[in-house]
Amino acid sequence: MMDPAIDRVLTRWSPERQERARAVLAAYPERRSTVMPLLYLASREHGYCSREAMVEVGKITGLTSIQVESVASFYSMYRRQNVGKYVISVCTSISCFLRGADDVLAAIEDETNTPDGETSDDALFSVEHVECSGACGGAPAVAVNWELIEGVLPDKGRALCQWLKDTQPETVLADEMQALFGGQQSFDWGIAEPQGATSHVPAFERYDSAGDAS
Amino acid sequence: MSQPHILTRHMVANRTDSNTLASYEQSGGYSALRKGLNSMTPEQIRAEVKASNIRGRGGAGFPTGVKWGFLAPAEPRYLVVNGDESEPGTFKDRQLLERDPHQLVEGIIISAFALNCAKAFIYIRGEYPKPARRVQRAIDEARAAGYLGDNILGSGFSLDITLHLGAGAYICGEETALLNSLEGRRGEPRLKPPFPAVEGLYAKPTIVNNVETLSNVPWIVNNGGAAYAAIGPERSAGTRMFSLSGHVNNPGNYEIVMGLTWREFIYDLGGGVPDGRELKCWIPGGASAPWFTPDLLDTLVTIDDVGQNGSMLGSGAVVVMDETTNVVHAAHRLVRFFAHESCGQCTPCREGTTWLERVLWRIGHGMGRPEDIDLLLDVCDNISPGLRWPPAMTTICPLGPSATAPVNSIMTHFRPEVEAMIAANELVQGGVSIG
């Protein structure tokens, strides 16, 4: 794709991310459709979904930055403020609520000294309650950078925060966290999962954010 | 109680590697694709799916074969897979995506061939990165094996699949909101008509089907539509994935033949309520569904029976609440979800869900007022006039009217409890109603 407007933006990005952005641009019949994947990529490039990130996505897609912002602001997973290294999302929807999720949230807020919706002073943690995580059979559920742990009781929630603080893993792996801090699962996970998250952007390799266990 | 496995057959038999192509092929995977592409016409496949009587598994329960029949002839045309599962209580598609992604991919390829689509999209909610990784690996493996790409299995049919990750908006599970999202727009539902089958993605003819629906297609092609239709009650054909959660001993996903009773489902399969506590009520089909009480335990789990009893099977999410449940808090939690997920286009939904959420919150926190009961019912009536079932619509999509279901349920079944919570407000007891 030899569009100079696109090249001017992408050549500022890391080579890997450039390549992935070009793959995204090739995957859709219409350019506007690339806004959401590119917002994830730009969020990684800039640390979060900053003003600059949205301007760049606008330049690539031919939209104004306001049009991009109107999309970004609709979706809760584009972080328009900086967040912690580990975003801890506690599901408090009905099934998790019935299984004690409010106590899990309170324990995690207390352990990280970070109120719901905020980021810790050392930028290690952001804590938030979220609507249904799709882990209702393994309630209560907690996700770290969207890697899910099921059956997390308050004490295990505290231990999870302590572990993150002590070990500060570059890649968080669902299997590892489930073994250490999880319990009841929605279903038998069965298959080992080699990849995990390296940032608050969901760890989907096409969007340049998955890390390997190795 | 023994239940047949169609959707979960392969994942149960191959616990640790059911996601790989090798394992899937060893279990007979992609044989339906060979059969379909090499020995059937698109018309024949569509006829088998129609004959199967399968109804969409995303929530609305519309017959899939009929939906396919609406697809307009213009080209290009698209197949879009709805993997945005986000209805509170629902986690069935997550299991199908994580544990058997090739079954879905095979279903997509066969369906795209039957519908003459050269491009398909899978929309997976952003909170599901692990399922997305599994499906992407399956797509890559299928492409390397010649099941995807140009001239698949020498049939002349070509298909490309793109996986699109959402970004945290429940409303994108509504099919027209999903299409807007896929086009790079805010996930706001569109007015219908035109329906997606006529003007969908990029205003081109588009079929949107749920993950579970399409995961059934390989079995239907291998065994025939009639064999599928023969399973279960006539208008609730086939097996179906149910997500069971809340106060039960054995939460999880259950692939069952519809037509058993709720008692069999909750007590025999689900193991009943923990610690010998009493069952208080349950949600039979996701957050949008009116609640059931124990007098309905011996009614049947079918789409039609549940509808006749004033609720719906919806997304297949069954949430059980025991006697310790505070119904005001539970209803608040459900309504808060809708208030958070309202896209904001329609005033009755945007304003109404927020009002319901705040009034329920204050009742639940000792600040209820005697007039709050009438206020809640009045707001519900403004969102969905008459509070009837199925709900009347004042809005573009059903999200707002869905929020009235939990409120109406607690007023119908547990009004004395709500009144008691309000009466416990000390200011009300003192004869003063604040505000």
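Side notes on the structure shown:
- Any hit, the range A:41-52, residues being open to solvent by less than 60 Å² (accessible area, probe 1.4 Å), assigned to a loop (DSSP other than H, G, I, E, B), in contact with a helix residue (DSSP H, G or I) (Cβ under 9 Å, 6 or more places away or on another chain) and closer than 20 Å to residue A:155 by Cα: no
- Of the criteria (1) touching a Lys or Arg at 6+ places or on another chain (Cβ under 9 Å); (2) surrounded by fewer than 24 Cβ atoms within 10 Å (Cβ to Cβ); (3) facing another protein chain (nearest Cβ under 9 Å); (4) not small (Gly, Ala, Ser), which one residue B:180 fails: (3)
- Number of residues in the range B:198-207 that are farther than 17 Å from residue B:118 by Cβ and either in contact with a strand residue (DSSP E or B) (Cβ under 7 Å, 6 or more places away or on another chain) or assigned by TED's automatic domain parsing to the domain that holds residue B:346 (or both): the value is 0.
- Within the range B:351-374, if we keep just the residues that are in contact (Cβ under 8 Å) with a residue 24 or more places away in the chain and open to solvent by 80 Å² or more (accessible area, probe 1.4 Å), the residue that is farthest from the chain's Cα centre (by Cα) turns out to be B:371.
- Boolean, residue B:42 is within 18 Å of residue B:237 (Cα to Cα), open to solvent by 10 Å² or more (accessible area, probe 1.4 Å) and in contact with a helix residue (DSSP H, G or I) (Cβ under 9 Å, 6 or more places away or on another chain): no
- Meeting the requirement of 1 or more residues that are among the hydroxyl-bearing types (Ser, Thr, Tyr) and more than 9 Å from chain B (Cβ to nearest Cβ), the helices (runs of 4 or more DSSP H) wholly within the range A:55-169 are A:65-72, A:101-112, A:154-167.
- For residue B:405, the criteria (1) touching a residue at least 12 places away in the same chain (Cβ under 8 Å); (2) surrounded by fewer than 18 Cβ atoms within 10 Å (Cβ to Cβ) hold in every case but one, which is (2).
- Residues located in the range B:70-88, provided they are closer than 18 Å to residue B:56 by Cα and facing chain A (nearest Cβ under 8 Å): B:85, B:86, B:87
- Any hit, the range B:104-115, residues being more than 21 Å from the chain's Cα centre (by Cα), farther than 20 Å from residue B:314 by Cβ and open to solvent by 20 Å² or more (accessible area, probe 1.4 Å): yes
- Condition check for residue A:196: in a loop (DSSP other than H, G, I, E, B), of a type outside the set (D, E, K, R) and over 16 Å from residue A:84 (Cα atoms): no
- Checking each residue in the range A:53-73 for being open to solvent by 40 Å² or more (accessible area, probe 1.4 Å) and under 16 Å from the mean Cα position of the chain (by Cα) picks out only A:73.
- The set of residues in the range B:268-309 being buried (at least 23 other Cβ atoms within 10 Å of the Cβ) and in contact with a Leu (Cβ under 6 Å, 6 or more places away or on another chain) consists of B:270, B:285, B:287, B:301, B:306.
- Taking the listed residues B:96, B:159, the one that is touching a Gly at 6+ places or on another chain (Cβ under 8 Å) and either modelled with pLDDT of 95 or more or within 25 Å of residue A:31 (Cα to Cα) (or both) is B:159, with no other qualifying.
- Hey, residue B:112 more than 14 Å from every other protein chain (Cβ to nearest Cβ), in contact (Cβ under 8 Å) with a residue 40 or more places away in the chain, in contact with a strand residue (DSSP E or B) (Cβ under 6 Å, 6 or more places away or on another chain) and more than 25 Å from residue B:243 (Cβ to Cβ) or not: yes
- Checked against the criterion of being without any contact (Cβ under 8 Å) to a residue 24 or more places away in the chain, more than 10 Å from chain A (Cβ to nearest Cβ) and part of a strand (DSSP E or B), the range B:141-162 has at least one qualifying residue.
- Looking across the range A:166-192, the residues that are surrounded by fewer than 21 Cβ atoms within 10 Å (Cβ to Cβ), within 18 Å of the chain's Cα centre (by Cα) and farther than 12 Å from residue A:151 by Cβ come down to A:168, A:169, A:170, A:171, A:175, A:176.
The values are calculated or read from the model by the stated rules, or taken from the named source; none is laboratory data. Keep in mind it's a predicted model, so treat the numbers as computed, not measured. Cβ sites come from the backbone with ideal geometry, for glycine too, and all protein chains shown count toward neighbours. Note: accessible area is taken over every heavy atom of the protein model, side chains too, but ligands, DNA and RNA are not part of it. Shrake-Rupley method; radii C 1.70, N 1.55, O 1.52, S 1.80 Å.
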